[in-house]
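*Asks:* Here it is, the structure, as structure tokens.
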Amino acid sequence: MELDPKNRVIDAAYWAWVNQLRIDGRPFDLAGRDYQMEIMSPETEDGKVKTNEVIRKGSQIGITMGKVIEITHGAIHGLYPQGIIYYFPSQRAVEHFSKTRFKPFITDNDEIRKYCNDINAVAIRRIGSTNVNFFGCSATVRIGGQAKDSTNVRSTPADWVLLDERDLFDDEMAKQVNQRLGNSVINRRTDIGTPKLPDDGVDRIYGKSDQRRWQIKCISCRKHTCMESEFPNCIGLRDGVGYPKCVHCGAEIYTSNGLWIPDYPGKDVVGYWVSQLLNPNRDLAHVLKEYDDPEAYDMNEGEFQRTVMGLPFVSSEDRLTESDVYACCDNGYQMAYSHDGPCAAGWDVGPNALHVVIGHRITSDRYRLVRMARVPDFDALHDLLGRYNIKAGVGDAQPEVHKMRDMQRDENFAVYMCYYSPHLKTFDKWEQGTNIVTVNRTEVFDATHHVVTSPGRLMIPRNCEEVKIFAHQMTCAAKSLEPTGVSQILTYRYIKVGDKQDHYRNALNYFYLACKKIGLPPTKNSRNVATTQDMKFKL
Ligand SMILES: [Zn+2]
């Protein structure tokens with residue numbers, strides 16, 4: 001990549017190289033790191049100003065220190081006069097970063113030190129005439145159900161905010177940091193992170209961006225190869241040593257011959273996908289070995305995808321796909337307008353509608369849904385349920401506890417209010433007097449996951465628009481190891497992913513519970529039909 005002389009004042013990577021800045025004790029070197037140049041700039045090579053930028057990355061690729069160089073350069077040159085805020089997911093992460101990375105960066109480099117007022121500060125430093133702030137985002141206070149960041153940072157304005165390790169942030173907090181930019185004409189935001197789950201956090205933001213990939217041009221055939229997309233075919237081996245390989249002609253390619261080419265140039269958000277394959281210090285033959293047998297290198301498949309490839313990962317046991325749901329569709333029937341039952345119903349209160357699932361049991365552990373619907377209010381719910389001979393219904397206790405109590409009083413079937421509990425030691429607990437059911441949240445999500453994925457256990461009507469919405473919402477929950485409680489112990493929890501509209505999934509959870517309180521439907525013409533199949537071989 002050629003450096004344009006007129007850009008030298010604003011080019012952070014060039015500035016760091018000319019001044020021989022020391023990063024983590026070593027001089028900043030651009031050799032083999034051409035992919036970092038554009039990432040360290042407020043503008044793309046093709047001239048797009050980065051108002052919103054996202055970097056979906058593997059770990060240990062130098063992206064964070066690259067941004068620290070860009071921040072320092074921007075501060076010294078007065079590019080962000082109202083200040084810069086670099087957010088980490090926790091105060092502990094800020095302290096660690098400040099002590100082990102940023103303080104050495106200042107003390108090792110006289111070129112920066114001379115602009116810096118207090119090298120021992122942790123949170124706020126003045127570099128040149130710019131405030132550079134490092135804040136932890138974990139100090140969350142809930143006020144009226146809304147997360148608020150701690151009061152000491154609320155009034156700090158900025159021209160540029162960055163969020164590092166984006167997938168560890170509370171979503172509400174991640175939104176609120178934009179308030180720092182309220183008064184800014186520069187109004188720049190950068191989200192950086194190693195992705196955790198597909199279609200969530202940094203992966204979701206990248207998915208809505210112009211999706212730049214590092215396209216390496218082959219000297220032999222002049223075609224491009226993106227290492228990230230073509231892995232593992234883009235790695236060649238010569239005497240056991242790995243090298244980047246053109247997937248079109250097989251010649252060796254050189255990562256410095258690359259360009260960031262967007263897949264969706266019309267999108268405003270500038271997005272980068274950076275993996276360890278681009279890191280010049282990474283042994284590519286070793287990467288192949290890790291990919292082939294991650295356990296031998298003390299990692300699992302998910303960790304390889306996330307930390308090496310910069311890709312999110314979820315195993316099929318942890319999240320349903322729409323195809324899993326469609327596989328339950330029985331083309332032999334469509335949604336019922338009414339039913340003789342006995343039926344069970346589950347409903348979830350969404351922002352604009354109640355999501356309702358109605359069905360019956362086929363055997364003790366097989367279920368058939370006869371209707372799924374969205375209704376505007378509890379009156380409409382009453383009218384709907386009246387046609388299906390409902391024997392038991394379960395709905396979430398919050399946020400409409402009064403409406404649920406009215407239903408318990410007025411309906412001619414048993415209505416139970418459900419509370420999810422993360423800690424319940426049994427699967428469920430039913431209180432007869434109050435008709436409250438408490439259920440272990442992770443276990444009921446696991447249960448409906450298995451009902452969907454075990455062949456024959458769930459039948460749903462033939463595909464139609466409502467089934468499509470149902471199928472989509474079934475995928476908006478994923479099981480993930482999450483730090484929980486004060487001690488932050490890692491436990492499995494289902495978290496909302498994608499567009500987070502998981503109402504039908506909850507409705508199915510409630511339906512599953514309600515089915516425990518109804519009997520089996522009477523078998524019609526049961527005398528004329530053999531109820532068991534003769535399975536004996538007659539030879
Ligand atoms: Zn080629």
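*Asks:* Examine segment 171-178 for a residue that is more than 28 Å from Q501 (Cβ to Cβ) and either out of contact with any helix residue (DSSP H, G or I) (no Cβ under 9 Å at 6 or more places or on another chain) or more than 16 Å from the ligand (Cβ to nearest atom) (or both), and state whether such a residue exists.
*Replies:* For segment 171-178, residues more than 28 Å from Q501 (Cβ to Cβ) and either out of contact with any helix residue (DSSP H, G or I) (no Cβ under 9 Å at 6 or more places or on another chain) or more than 16 Å from the ligand (Cβ to nearest atom) (or both): absent.
*Asks:* For segment 407-421, which residues satisfy the criterion of being farther than 15 Å from A344 by Cβ and free of Cβ contacts under 8 Å to residues at least 12 places away in the same chain?
*Replies:* R409
For (1) assigned by TED's automatic domain parsing to the domain that holds N440; (2) more than 27 Å from the chain's Cα centre (by Cα); (3) within 18 Å of N509 (Cα to Cα); (4) modelled with pLDDT of 90 or more, each residue gets a yes or a no:
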| position | (1), (2), (3), (4) |
| --- | --- |
| D348 | yes, no, yes, yes |
| H355 | yes, no, yes, yes |
| H360 | yes, yes, yes, yes |
| L369 | yes, yes, yes, yes |
| P376 | yes, yes, no, yes |
| V401 | yes, yes, no, no |
| D406 | yes, yes, no, yes |
| Y416 | yes, yes, yes, yes |
| Y420 | yes, no, yes, yes |
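*Asks:* Of these, D210, D203, D191, which one is under 16 Å from K267 (Cβ atoms), more than 16 Å from the ligand (Cβ to nearest atom) and assigned to a strand (DSSP E or B)?
*Replies:* Matching residue, one of D210, D203, D191: D191.
*Asks:* Name every residue in segment 290-310 that is of a type in the set (D, E, K, R), surrounded by 14 or more Cβ atoms within 10 Å (Cβ to Cβ) and without any contact (Cβ under 8 Å) to a residue 60 or more places away in the chain, in order of residue number.
*Replies:* Answer for segment 290-310, where residues must be of a type in the set (D, E, K, R), surrounded by 14 or more Cβ atoms within 10 Å (Cβ to Cβ) and without any contact (Cβ under 8 Å) to a residue 60 or more places away in the chain: E290, E303.
*Asks:* Show me the helices (runs of 4 or more DSSP H) entirely contained within segment 57-108 in which 3 or more residues are within 17 Å of T130 (Cα to Cα).
*Replies:* In segment 57-108, the matching helices (runs of 4 or more DSSP H) lie at 63-76.
*Asks:* Would a scan of segment 390-402 turn up a residue that is assigned to a helix (DSSP H, G or I), surrounded by 15 or more Cβ atoms within 10 Å (Cβ to Cβ) and among the β-branched types (V, I, T)?
*Replies:* No - not one qualifying residue is present in segment 390-402.
*Asks:* Inside segment 252-268, can you point out the residues that are acidic (D, E) and within 12 Å of the ligand (Cβ to nearest atom)?
*Replies:* E252, the sole residue that qualifies.
*Asks:* List pairs: first residue in segment 237-262 and basic (K, R), second residue part of a strand (DSSP E or B) anywhere in the structure, Cβ distance under 8 angstrom, at least six positions apart or on different chains.
*Replies:* Listed by first residue and then by second, the contacts come to K245/T225; K245/I235; K245/G236; K245/E252.
*Asks:* Between residues in segment 201-229 that are under 30 Å from K175 (Cβ atoms) and residues that are among the polar types (S, T, N, Q) and part of a loop (DSSP other than H, G, I, E, B), which pairs lie under 6 Å by C-beta distance while being six or more apart or on different chains?
*Replies:* Pairs found: E228/S275.
*Asks:* A follow-up question, please. Could you please give the count of residues in segment 464-499 that are modelled with pLDDT under 95, in contact with a strand residue (DSSP E or B) (Cβ under 9 Å, 6 or more places away or on another chain) and surrounded by fewer than 17 Cβ atoms within 10 Å (Cβ to Cβ)?
*Replies:* 11
*Asks:* Considering only segment 431-452, I want to know if a residue exists there that is over 23 Å from G359 (Cα atoms), over 20 Å from the mean Cα position of the chain (by Cα), without any contact (Cβ under 8 Å) to a residue 40 or more places away in the chain and assigned to a strand (DSSP E or B).
*Replies:* yes
*Asks:* Any chance you could count how many residues in segment 207-228 are within 24 Å of R166 (Cα to Cα) and either in contact with an Asp or Glu (Cβ under 9 Å, 6 or more places away or on another chain) or acidic (D, E) (or both)?
*Replies:* Count: 8.
*Asks:* Take the residues of segment 213-251 that are within 9 Å of the ligand (Cβ to nearest atom) and β-branched (V, I, T): which is farthest from S275 (Cα to Cα)?
*Replies:* I219
*Asks:* Now a separate question. Being touching a residue at least 40 places away in the same chain (Cβ under 8 Å) and either in a strand (DSSP E or B) or under 20 Å from R361 (Cβ atoms) (or both) is the filter here, so list the residues in segment 468-490 that pass it.
*Replies:* Residues satisfying the conditions are F470, M474, A477, A478, K479, S480, T484.
*Asks:* Something else about it: Restricting to segment 428-446, and then to whatever is of a type in the set (D, E) and under 14 Å from K517 (Cα atoms), can you tell me which residue is surrounded by the fewest Cβ atoms within 10 Å (Cβ to Cβ)?
*Replies:* Applying the filter and picking the extreme gives E431.
*Asks:* Regarding A158, is this residue part of a loop (DSSP other than H, G, I, E, B) and either modelled with pLDDT of 80 or more or at positive phi (or both)?
*Replies:* So A158 fits the description; yes.
The values are calculated or read from the model by the stated rules, or taken from the named source; none is laboratory data. On a predicted model such as this, the values are computed, not experimentally measured, just so you know. Quick reminder, even Gly has a Cβ in these numbers, built from the backbone with ideal geometry, and neighbours come from all protein chains shown.
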